[in-house]
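Input: a single structure, listed below in C-alpha cells.
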Amino acid sequence: MGAGGSGTEGWTEVRLGVVGSFRVPPNLAPQPVTGTDSIFGILTGPGLRILYDYGRFGGPIADSETEETIASGRRNVGGSNAEEVTLRRRDGSGVVRAVQVPRGRESLTLRVECVDVATCAVADAVFDSLWFF
C-alpha cells in the first residue's frame, strides 16, 4: 500500500522531504521542532503522539531505560524489510509501536506513542501508508 492506502482516506500526508511520505489521522497537529542532521518531526493529538526521524543518525527504536519490549519482529514497510517493536512504558503511562526502516546508509524511525493498546491500533495504518519516492 502506498501513501493513499486503504484506511487512510481523509488523513494528512506527512512528507519526508524528497524521500517519501506517510499518512496520519487528521486530528494530529505538528509540534515546533528542528532536526539538526535529519528530517525530524512530532505530531500530537488526543492520546497519541507520532515521532519520525529520517537520516544517517536516526533515533533509536526503543529506550531500554524507560520502555520494555513486549513484541518484536520484521514487517514490510514502504517496500523495505523493517524492524518492528511493541513497547510498554515502564511507568505504566502507555504503549509504543515503532518501526525502523533501513534505506542504504540512512534509516527512518517511526514511533506511534499511545495511552493504550486500543489507541495504538492506528499504527498499522500509519506504517502501511509509508511510501518512499
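Filter segment 103-121 down to the residues that are of a type in the set (A, V, I, L, M, F, W, C), in contact with a strand residue (DSSP E or B) (Cβ under 7 Å, 6 or more places away or on another chain) and part of a helix (DSSP H, G or I) and list them by number. Give the steps one after another, and end with the answer.
In the first step, residues of segment 103-121 are kept if they are of a type in the set (A, V, I, L, M, F, W, C); the result is 108, 110, 112, 114-115, 117-118, 120-121.
Remaining after also requiring in contact with a strand residue (DSSP E or B) (Cβ under 7 Å, 6 or more places away or on another chain): 108, 110, 112, 114, 117, 120.
Within segment 103-121, just CYS120 meets the criteria.
From the list ARG74, ARG49, which one is over 21 Å from TRP11 (Cα atoms), basic (Lys, Arg) and surrounded by fewer than 19 Cβ atoms within 10 Å (Cβ to Cβ)? So that I can check it myself, show each step before the final result.
Numbers: ARG49 fails: over 21 Å from TRP11 (Cα atoms).
Just one listed residue meets the conditions, ARG74.
Criterion first (of a type in the set (S, T, N, Q), modelled with pLDDT under 95 and surrounded by 12 or more Cβ atoms within 10 Å (Cβ to Cβ)) does SER21 satisfy it? Show your work before the answer.
On the way: of a type in the set (S, T, N, Q): yes; modelled with pLDDT under 95: no; surrounded by 12 or more Cβ atoms within 10 Å (Cβ to Cβ): yes.
Judged against the criteria, SER21 is not a match.
Residues checked against (1) more than 27 Å from GLY7 (Cα to Cα); (2) β-branched (Val, Ile, Thr); (3) modelled with pLDDT of 95 or more:
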site: SER38; (1), (2), (3): yes, no, no
site: GLY45; (1), (2), (3): no, no, yes
site: THR86; (1), (2), (3): no, yes, yes
site: GLU113; (1), (2), (3): no, no, yes
Item checked: Selection within segment 108-128 - touching a residue at least 60 places away in the same chain (Cβ under 8 Å) and of a type in the set (Val, Ile, Thr) -> VAL112, VAL115, THR119, VAL122, VAL126
Notebook entry, point to check: In segment 100-113, what count of residues is obtained for those that are more than 13 Å from ARG75 (Cα to Cα) and surrounded by fewer than 20 Cβ atoms within 10 Å (Cβ to Cβ)?
Noted result: 4
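Could you tell me which of the residues THR12, THR36 is more than 20 Å from TRP131 (Cβ to Cβ) and either out of contact with any helix residue (DSSP H, G or I) (no Cβ under 7 Å at 6 or more places or on another chain) or not hydrophobic (A, V, I, L, M, F, W, C) (or both)?
Values: THR12 fails: more than 20 Å from TRP131 (Cβ to Cβ).
So the residue among THR12, THR36 that is more than 20 Å from TRP131 (Cβ to Cβ) and either out of contact with any helix residue (DSSP H, G or I) (no Cβ under 7 Å at 6 or more places or on another chain) or not hydrophobic (A, V, I, L, M, F, W, C) (or both) is THR36.
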Check: Which of the residues that make up segment 52-71 are modelled with pLDDT of 90 or more, surrounded by fewer than 16 Cβ atoms within 10 Å (Cβ to Cβ) and in contact with a Ser or Thr (Cβ under 7 Å, 6 or more places away or on another chain)?
Finding: ILE70, ALA71
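The values are calculated or read from the model by the stated rules, or taken from the named source; none is laboratory data. Please read all numbers here as calculations on a predicted model, not as lab measurements. Here Cβ is always computed from backbone atoms with ideal geometry, including for glycine, and neighbour counts include all displayed protein chains.
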